[in-house]
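> One structure is given below, represented as structure tokens, and several questions about it will come after.
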Amino acid sequence: MTDQQQTPAEPGGQQPGPQQQQNQPATDQADELRTSLAEERKAHRALQQKYAELEREHMSESEKAVAQARAEGELAGRAGAAARLAAAEFRVAAVGKLADPDGALEVLDLGRLTGPDGEPDRKAIADAVERLAVAPSQQPARVPPGPRQPEPQADDFIRSAAAAARHG
């Protein structure tokens, strides 16, 4: 036998893998990574804002006006795209629940269906669909088309005269 120690093999003849040696479950690591990523993104946005401020300080008045117009155009484009995306999400959520999702979209304020980040707010969309959905037992009764006229009675002089005038 040599001086090297061998690690005991697991059943099946396999050596313990790196995942089995870790104390934390994979979900805890994923949560840590998500938290770390969120912090990195926040720091990145802060640096981008600081860079944009420094860049604006060194701009001429005409460059500032062009940059402002560009920013307003981007904002308007994003708002339009967000509204279209929210409408699409609404249509998907309304399948099988609303008879006319497009008719409902005509009267809805799509701005209420998007979050502050411009992304569709799925919870708000689901709530709107649920409020607009009418259960089959709650649907109003259908009235047959056209007016119904009562049969004229022998002692009803006015109706008899009106019927005679209509027919001839």
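The values are calculated or read from the model by the stated rules, or taken from the named source; none is laboratory data. Everything quoted here is computed from the prediction, not taken from an experiment. Methodologically, a virtual Cβ is constructed for each residue, glycine included, from the backbone with ideal geometry; neighbour enumeration extends over all protein chains shown.
> Go through (1) assigned to a loop (DSSP other than H, G, I, E, B); (2) under 28 Å from the mean Cα position of the chain (by Cα); (3) modelled with pLDDT under 85 and name the single condition THR27 misses.
(1)
> Can you name every one of the helices (runs of 4 or more DSSP H) wholly within the range 82-168 that holds 1 or more residues which are surrounded by 12 or more Cβ atoms within 10 Å (Cβ to Cβ), modelled with pLDDT of 85 or more and not basic (Lys, Arg)?
101-107, 122-132
> For the range 101-114, name all the residues that are in contact with a helix residue (DSSP H, G or I) (Cβ under 8 Å, 6 or more places away or on another chain) and of a type outside the set (Val, Ile, Thr).
PRO101, ASP102, ALA104, LEU105, LEU108, LEU110, GLY111, ARG112, LEU113
> Looking at ARG112, ARG78, ARG84, which one is of a type in the set (Lys, Arg) and in contact (Cβ under 8 Å) with a residue 40 or more places away in the chain?
The match here is ARG78.
> Step by step: first the residues of the range 38-59, then only those that are among the acidic types (Asp, Glu), under 18 Å from ARG70 (Cβ atoms) and out of contact with any helix residue (DSSP H, G or I) (no Cβ under 9 Å at 6 or more places or on another chain), then the one that is surrounded by the most Cβ atoms within 10 Å (Cβ to Cβ). Which residue is that?
So, considering only residues that are among the acidic types (Asp, Glu), under 18 Å from ARG70 (Cβ atoms) and out of contact with any helix residue (DSSP H, G or I) (no Cβ under 9 Å at 6 or more places or on another chain), the one surrounded by the most Cβ atoms within 10 Å (Cβ to Cβ) is GLU53.
> Something else: Considering only residues that are within 18 Å of ALA133 (Cα to Cα) and among the charged types (D, E, K, R), which ones fall in the range 77-111?
Answer for the range 77-111, where residues must be within 18 Å of ALA133 (Cα to Cα) and among the charged types (D, E, K, R): GLU89, ARG91, LYS97, ASP100, ASP102, GLU106, ASP109.
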